[in-house]
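All remarks here apply to the structure that follows.
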Amino acid sequence: MTEQNQAERVPAKILLREIAANAYQKAWDAKNRGEKVGWCASNFPQEIAETLGVAVVYPENQAAAIAAKGGGLRMCEHAEGMGYSNDMCAYSRISLAYADTTVAEEMDMPQPDFLLCCNNICNCMIKWYENIAHDLNIPMILIDIPYKNDYETDDDTVEYVKVQFDQAFKDLEKITGKKFSEERFKEVCAVSQRSAKAWLKAAEYCQYEPSPLNGFDLFNHMAVAVCARGTIEAAEAFEQLAEEFEQAVKDGTSTYKGEQKFRILFEGIACWPYLRATSTPLKENGINVVATVYATAFGVIYNNTAEMMRAYSYVPNCVSVERAADMRIDVGRQNKIDGAVIHTNRSCKLWSGIMPEVERRLRDELKIPTVTFDGDQADPRVFSEAQYNTRIQALAEVMAANKEAAK
Amino acid sequence: MSSLNEKLAVLESVAAKPAQQLEAFVAQGKKVIGCLPVYCPEEIVQAAGMVPFAIWGAEMEISSAKQYFPPFFCSIAQTSLEMGLSGRLDKLSAVLIPVLCDTLKCLGQNWKAGVKNIPFIPVIHPQNRKIEAGVVFLSKQYQKIAAELGKISGQEVTEAALQKAIEDFNKHRAVMREFSEIAAQYPDLISPLQRNAVIKSGGFMDKNEHAKLVSEIIAECKKQPVKPWSGHKVLVTGIIADSPALLKILADNKFAIVADEVAQESRQFRTDVPHDADPYRALALQIANMEGCSVLYDPEKKRASLIVDLAKKHGAKGVIYVQTKFCDPEEFDYPVIKKAADKAGLPLVNIEVDQQMRSYEQARTALQTFADVLA
């Protein structure tokens with residue numbers, strides 16, 4: 001590609017934003033055509049809906065967007081008015097509120113005709129979708145991927161998941177009237193692999209010193225990894241993203257503005273209502289995020305169906321504490337982190353409940369300082385800017401001292 | 001009457017001091033396996049020649065558990081881990097910990113990381129429990145658990161032994177169901193605290209022995225005439241409702257628990273293990289047959305109609321939703337159940353409980369008001 005062509009190319013981040021928006025537009029168009037549209041869990045095997053040509057939208061994604069645009073409090077309070085506890089996951093509260101109100105100016109999406117649920121991300125997902133299925137009197141398809149204590153997923157689990165995977169196709173065919181095609185399935189799997197590999201490759205550029213990207217960008221790009229990784233557009237956009245990073249490394253540029261003094265792992269879901277408040281102190285202290293577990297989360301790689309079942313069982317929230325710790329240690333080691341910031345996410349018990357142990361292993365193994373802060377993925381009432389600033393400041397001081405000592 | 005109270009007192013003592021039971025078993029040379037919420041295959045423990053011992057947390061302060069759990073996790077998990085970390089459960093040979101909710105998943109992992117001297121065996125229930133693949137999956141899980149338990153006890157689990165255990169446990173379940181009916185008929189003889197103690201003590205005793213004692217209690221009650229109850233008949237639902245302070249408030253307000261839909265109580269005995277030539281499959285089918293539990297996949301929210309029907313059947317005039325603090329599954333269910341209760345004309349009150357709670361004043365006020373509503 002000539003330098004001129006590259007300069008004319010729409011930047012990957014814009015493409016990715018358009019792809020995410022288009023995914024929602026596709027769903028609206030389908031709904032308006034009278035087709036059935038579903039709400040889908042973020043880690044549900046997206047190959048199923050994609051193969052059948054069925055439009056789905058992602059409530060977690062919607063909740064994140066609503067929270068990022070300032071609607072989190074309103075929606076959470078609406079859910080609490082319906083009788084839901086403020087202890088519950090804020091994504092679920094926002095979504096249950098949305099199923100009730102059917103409008104959210106921050107991000108509207110079609111109401112569901114069916115639900116696609118997978119609990120590899122958490123069991124709260126099941127309860128959340130149960131309630132929507134019941135309230136709206138619509139069918140729910142559940143692929144249960146049991147939590148495992150073992151490091152590897154055994155054959156019994158693969159067998160159990162595969163039966164449900166196959167059944168999900170049949171159930172969705174019945175619900176939507178769309179037909180399965182082996183050829184299309186192979187195509188979708190191939191494209192999904194291309195996307196996943198490209199996503200992983202792009203994220204791997206964080207290894208470089210300095211990193212050609214502001215790690216916080218990954219949180220935004222992730223939306224496409226969730227809602228469109230079975231599409232050729234996503235594959236191409238991620239490949240372009242990787243190419244842009246490659247070029248940035250050659251040029252010595254970065255989307256992180258300023259000197260990258262320190263490299264960190266940012267652990268946990270983003271604090272969507274406080275993206276600026278959580279990124280600014282990092283910038284002010286010359287800290288760049290060069291590692292998150294999100295890369296692996298959506299890098300769903302497989303060569304055959306059994307591997308696909310396993311891949312969906314290795315998402316971050318479905319693995320043992322040993323594997324969870326190794327995921328962070330590996331990316332932390334690979335990307336040469338100086339420290340870690342851990343978001344104790346009030347909304348997510350499954351994630352937060354093993355974090356103290358994971359944090360200990362991270363510190364012990366990589367010999368790095370870590371700090372935690374209290375926040376929430378979507379409920380703005382939990383985060384304290386003062387606490388966050390203090391903790392980032394403290395981490396920066398320790399990392400600086402460590403660097404001095406190492407000289 | 002004194003004979004009844006004596007028998008009740010025995011079980012009250014067991015329920016209040018389970019540690020003594022644990023000591024006694026170990027002193028007898030028995031191995032004891034801790035069984036954490038919500039469902040464990042206790043029959044397999046028995047068939048392996050060991051004693052299943054219910055661990056549902058305790059009313060205590062936590063300190064070491066804070067190294068593992070942030071504050072917003074239920075007390076059942078936190079205090080259970082605390083007991084493990086502090087050495088209080090050192091006499092257990094292993095613990096069985098299910099993955100039925102997100103907190104339990106973390107509890108298992110934290111136990112494995114922190115309580116190195118008590119082996120942790122996961123119990124992995126399929127949520128798609130009714131499909132054949134789910135039954136097969138669970139059956140295989142149970143076989144794995146049997147192999148582990150057999151290694152610990154040195155006594156291999158035979159199918160014959162397991163069938164016998166299933167028979168014993170089903171007999172026990174039948175006795176407990178009858179007790180629940182009797183307690184509903186004789187609230188003047190059996191207080192809420194005593195009702196809970198009779199049920200809870202079963203988790204710390206040999207099931208045959210417990211069934212025998214409870215049968216005697218039932219027989220004693222039946223000797224007495226059924227008297228009309230001047231107080232309020234209620235159904236209690238939730239994960240756990242065993243706090244003595246709470247149960248005393250219920251008694252003070254003349255609430256009679258005529259039925260429960262509580263995980264620690266009737267959810268343990270309302271569904272028998274069906275007969276099957278393969279005992280592992282039979283145990284898996286029991287889980288497949290269970291309905292209306294907050295930690296088992298329930299897309300039709302059958303729990304709501306189960307509660308309404310149960311309340312009506314036993315003449316309950318209201319429902320007490322005992323919300324375990326930080327329990328997500330119960331929090332998700334609450335509005336659905338409230339709506340169903342409202343539709344059925346059943347007043348419902350939500351009372352938050354926590355094993356670390358020191359003051360029940362808020363619960364007292366709410367329950368006093370509820371009593372007024374029902375009056």
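Just so you know, all these numbers are worked out from the coordinates, no wet-lab data involved. Everything quoted here is computed from the prediction, not taken from an experiment. Cβ atoms come from the backbone with ideal geometry, glycine included; neighbour counts cover every protein chain shown.
Under the definition of Cα pairs under 8 Å and six or more residues apart, what whole-number percent is the relative contact order of chain A? Dividing the mean separation by the residue count of chain A yields 19 percent.
Which log10 I(q)/I(0) values, to two decimals, does chain A give at q = 0.14 Å⁻¹ under the Debye formula with one point per Cα? The computed values of log10 I(q)/I(0) come out as -1.35. Working note: Cα atoms of the stretch A:148-205, range along each principal axis, descending, whole Å: 43, 30, 17. Here's the picture: a label point sits 7 Å out from the Cα of B:Lys254 along the beta-carbon direction, and within the stretch B:327-361 the residues with their amide nitrogen under 20 Å of it are B:347-349. I'd like the FRET efficiency for B:Gln67 and B:Gln155, computed as 1/(1 + (r/R0)^6) with the beta carbon distance as r and R0 of 45 Å, rounded to 0.05. Computed FRET efficiency for B:Gln67 and B:Gln155 comes out at 0.80. Placing +1 on each Lys and Arg Cβ and -1 on each Asp and Glu Cβ, with no other charges, gives the stretch B:238-375 a dipole about its Cα centre of roughly 420 debye. Beyond a 21 Å Cα-Cα separation, which of these cross-linked pairs lie in this structure: A:Lys336/A:Lys403; B:Lys302/B:Lys338; B:Lys171/B:Lys317; A:Lys13/A:Lys201; A:Lys36/A:Lys170; A:Lys13/A:Lys69? Exceeds cut-off: B:Lys171/B:Lys317. Counting Cβ atoms of other protein chains within 10 Å of each Cβ in A:110-122 and taking the mean gives 1. Peptides B:247-254, A:371-378 ranked from most to least packed give A:371-378, B:247-254, packing being the mean of other C-beta atoms within 10 angstrom over each peptide's residues.
Dipole orientation for the protein assembly as shown: of the candidates A:Cys271, B:Ala58, B:Ala160, B:Ala58 has the Cα lying most toward the positive pole (charges on Cβ; Lys, Arg +1; Asp, Glu -1).
Among B:Glu132, B:Glu156, B:Glu148, the largest mean-square fluctuation in a Gaussian network model of chain B, built with springs joining Cα atoms closer than 10 Å, belongs to B:Glu132. Across peptide B:288-301, the average count of Cβ atoms from other chains found within 10 Å of a residue's Cβ is 3.
The loop-placed trypsin sites (Lys or Arg not before Pro) in the stretch A:197-291, going by DSSP, that have at most 14 neighbouring Cβ atoms within 10 Å of their Cβ come out as A:Lys257.
For the stretch A:173-230, relative contact order (Cα pairs under 8 Å, six or more residues apart, normalised by length) works out to 40 percent. Think of each Lys and Arg Cβ as +1 and each Asp and Glu Cβ as -1; about the Cα centre, that makes the dipole of chain B roughly 140 debye. Diffusion coefficient (Stokes-Einstein, Kirkwood radius over C-alpha pairs, 37 °C, 0.692 mPa s) for the stretch B:222-289: 224 µm²/s, rounded to a whole number.
In the stretch A:1-84, which trypsin sites (Lys or Arg not before Pro) are in a loop and have at most 11 other Cβ atoms within 10 Å, using DSSP for the loop call? Of the trypsin sites (Lys or Arg not before Pro), the ones in loops of the stretch A:1-84 whose Cβ has at most 11 other Cβ atoms within 10 Å are A:Arg33. Database remark: amide H of B:Ile239 closer than 5 angstrom to the amide H of B:Ala263, B:Thr324 (H placed geometrically; neighbours at sequence offset of 5 or more, or on other chains; Pro and chain starts carry no H). Amide H contacts for B:Ala94 (H built 1.01 Å from N in the peptide plane; partners 5 or more residues away or on another chain; cut-off under 5 Å): B:Gly34. The angle between the Cα long axis of helix A:232-251 and the longest principal axis of the Cα atoms of chain A comes to about 10 degrees, rounded to the nearest 10. Across the stretch A:51-68, coupling constants 3J(HN,Hα) worked out from phi with the 6.51/-1.76/1.60 Karplus curve, θ = phi - 60°, read 5, 7, x, 9, 7, 10, 10, 10, x, 5, 4, 5, 4, 4, 5, 4, 5, 5 Hz, and Gly and Pro carry x. Taking every alpha-carbon pair within chain B, the share separated by more than 36 Å comes to 18 percent. Remark on the protein assembly as shown: hydrodynamic radius 27.7 angstrom, per the Kirkwood mean of 1/r across alpha carbon pairs. The residues packed around B:Lys130, meaning those with a beta-carbon under 13 Å from its beta-carbon, carry a net charge of -3 if Lys and Arg are +1 and Asp and Glu are -1.
Counting, for every residue in B:325-335, the Cβ atoms of other protein chains within 10 Å of its Cβ and taking the mean gives 6.
For the stretch A:23-37, backbone phi angles converted through the Karplus equation (6.51, -1.76, 1.60; θ = phi - 60°) give residue-by-residue couplings of 4, 6, 4, 4, 5, 4, 4, 4, 4, 5, 7, x, 8, 7, 10 Hz, Gly and Pro being listed as x. Say we join alpha carbon atoms closer than 10 Å with springs in a Gaussian network model of chain A; which of A:Tyr274, A:Tyr91, A:Tyr208 then has the biggest fluctuation? Most flexible of the set in this elastic network: A:Tyr208. Kindly list the residues of the stretch B:36-58 that lie in the label zone of B:Lys171, defined by a backbone N under 16 Å from the point 7 Å along the Cα-to-C-beta vector. Residues B:43, B:46-47 fall inside that zone. Evaluated at q = 0.12 Å⁻¹, the base-10 log of the normalised Debye intensity for the stretch A:1-82, with identical point scatterers placed on the Cα atoms, takes the values -0.54.
Compute the relative contact order of chain B as a whole-number percentage, counting only Cα pairs closer than 8 Å that sit 6 or more residues apart in sequence. It rounds to 18 percent for chain B. Please list 3J(HN,Hα) in residue order for the stretch B:170-176, calculated via the Karplus relation 6.51 cos²θ - 1.76 cosθ + 1.60 where θ = phi - 60°; whole Hz, with x for glycine and proline. With the stated coefficients, the stretch B:170-176 comes to 5, 4, 4, 4, 4, 5, 5 Hz. Between the listed residues A:Asn86, A:Phe44, A:Gly71, the Cα displaced farthest toward the positive end of the dipole of the stretch A:18-92, a dipole computed from Cβ unit charges relative to the Cα centre, is found at A:Gly71.
Over the stretch B:262-375, the hull volume per residue, using the convex hull of the C-alpha atoms, is 120 Å³. Under a 5 Å amide H cut-off, with hydrogens placed 1.01 Å from N, A:Asp154 pairs with nothing among residues at least 5 apart or on other chains.
How about the stretch A:323-366: which trypsin sites (Lys or Arg not before Pro) there lie in a loop by DSSP and see at most 15 other Cβ atoms within 10 Å?
Hits after loop and neighbour filter: A:Lys336.
Roughly how big is the stretch B:209-269's charge dipole about its Cα centre, with Cβ charges of +1 (Lys, Arg) and -1 (Asp, Glu), in debye to the nearest 20?
Rounded to the nearest 20 debye, it is 300 debye.
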